[in-house]
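Chemist: Here you go, one structure.
The values are calculated or read from the model by the stated rules, or taken from the named source; none is laboratory data. Note that the coordinates shown come from a computational prediction; the quantities given were computed from them, not determined experimentally. For neighbour counting, all protein chains shown are included, and Cβ atoms are generated from backbone atoms with ideal geometry for every residue, glycine included. The protein model used for the area step is the full one, side chains on, heavy atoms only, and it has no ligands, DNA or RNA in it. Shrake-Rupley method; radii C 1.70, N 1.55, O 1.52, S 1.80 Å.
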Amino acid sequence: MILFVFRIGAAITAPGITVNSDVLDQSNNVFALMNLLGGGALQNFSIFALGVSPYITAQIIIQLLSMDVLPALSELTKQGQYGRKKIEMATRYLTLMLAAVQAYGIIQTAQNTSWITFNFEENFLNYAYVVSIMVAGAMLVMWLGDQITSKGIGNGISVIIFAGIVASLPNQIYTGFSEWVLASWNTGSKEAMRGVFQFVLYIACLIAIVAFVIYIELARRKIPVQHATRSGGSEKLSKASFLPIKINSAGVIPVIFASSIMMAPSVIASFISEDAMNASWLQIFQYNQLVNTGGVMIPWGLIIYLVLILLFTYFYANLQINPDRLAENFQKNGSYIPGIRPGVETANYVKKVLNRVTFIGAISLMFIAALPVVLTLTVFNEDPTLAIGGTGLIIVVGVALELNNQINGLIAGKSYDEVIGGM
């Protein structure tokens, strides 16, 4: 029902705005990324146009500041449930401010590209009116995501993005079919065969990406763990278990974070002027474009995008698994890794394994993100359809697997009737 409410809001255009939908397709990939992270709500310039993007950006900033940058936030991370609530409240306040800034930036950018036109006089009060509606929509989307997280299944923010991408996939595939097959069907056998080949290759790439993402998401490095117990005053070893570390512990978060960062320069430039927004240096942040550097065409945007994915994968993996805290819990519970001393050595060993495994996961994410872009620049004549699809598929498959794991966990612990009744 929450997703139903979100899709209704995504279809309601902001009041006083007329949208020229053709401009979005011809625009750079910044709007496409915003639309992707907004769950498809930006396409209609709807009241939910900002989607979850301000909340994601706020999370990035708060998490970075919590890493010993601001001592107050670092201290809150160590205070359990109370600290988490305080950090969440700070994230919400920052989301409110970022939503206002981003709403104004998107309006300016959309006007400068003739994507939208105002149906009323352009003055401060009318701008404030539209910005207020968009900020309210962003906060409502954040609340809807919280309700899914607390009362439903999966991470609410990821599920909302997932729903928007899934809703756009059929149209995306049909667009590829019409551009590559239907458009070239009557232009000669050679062109028709080329179009069919491009579309078949496109579908094959999507299937291959899905299969590869599933493989990476399910891959784990198992660290053997033994537990010491006492029986009749003498110590004995219980049955050994293992600590599973996922190849991709960070999931889809690095891709979402990296996409948000890639959008920021264009949004900031929109505040300066129309000339600044159309400046050539902004092409550096377009990951599906080649930039002429000293006579050599270099994909700087793609390089920056992949580096961000690498950094965020390590960053979020270390947030998900804290080796020092894990070693401390092992010592308290009488557990240990065979051949490794408890305490500092255990923490160092887990950290080493985590970093090595995360490197494989990061390279995999980078490969999945880069493959569609490379194919777009070479095989598909710079058509952006496949590039967006690649990023979207990483999110879709990752979220689908997380939902599947949670549902299996619920069913394993309860009977089917109890699970349905509890929901």
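Chemist: Ordering LYS85, LYS351, LYS246 from largest to smallest accessible area (1.4 angstrom probe), what's the sequence?
Modeler: LYS85, LYS351, LYS246
Chemist: Given 0.36 nm per residue, what is the gain on full extension from ASP324 to ASN119 after removing their alpha carbon distance, in nm?
Modeler: Stretched out fully, the ASP324 to ASN119 stretch lengthens by 68.0 nm.
Chemist: Which entries in LYS222/LYS351; LYS78/LYS246; LYS78/LYS222; LYS78/LYS332 show an alpha-carbon gap greater than 23 Å?
Modeler: Beyond 23 Å between Cα atoms: LYS78/LYS246; LYS78/LYS222.
Chemist: Considering all alpha-carbon pairs of region 127-217, what whole percent are spaced by more than 23 angstrom?
Modeler: Considering region 127-217, 53 percent of its Cα-Cα pairs are separated by more than 23 Å.
Chemist: Could you order peptides 309-321, 330-342, 42-54 by the average number of other Cβ atoms within 10 Å of their residues, highest first?
Modeler: 42-54, 309-321, 330-342
Chemist: Would any residue of region 62-86 have its amide N under 11 Å from a label point 7 Å out along Cα→Cβ of THR149? List them or say none.
Modeler: Only 85 pass the distance filter.
Chemist: Tell me, how many Å apart are the Cα centres for region 241-263 and for region 182-205?
Modeler: Spelled out, the Cα-based centre of one part sits 36 Å from the other.
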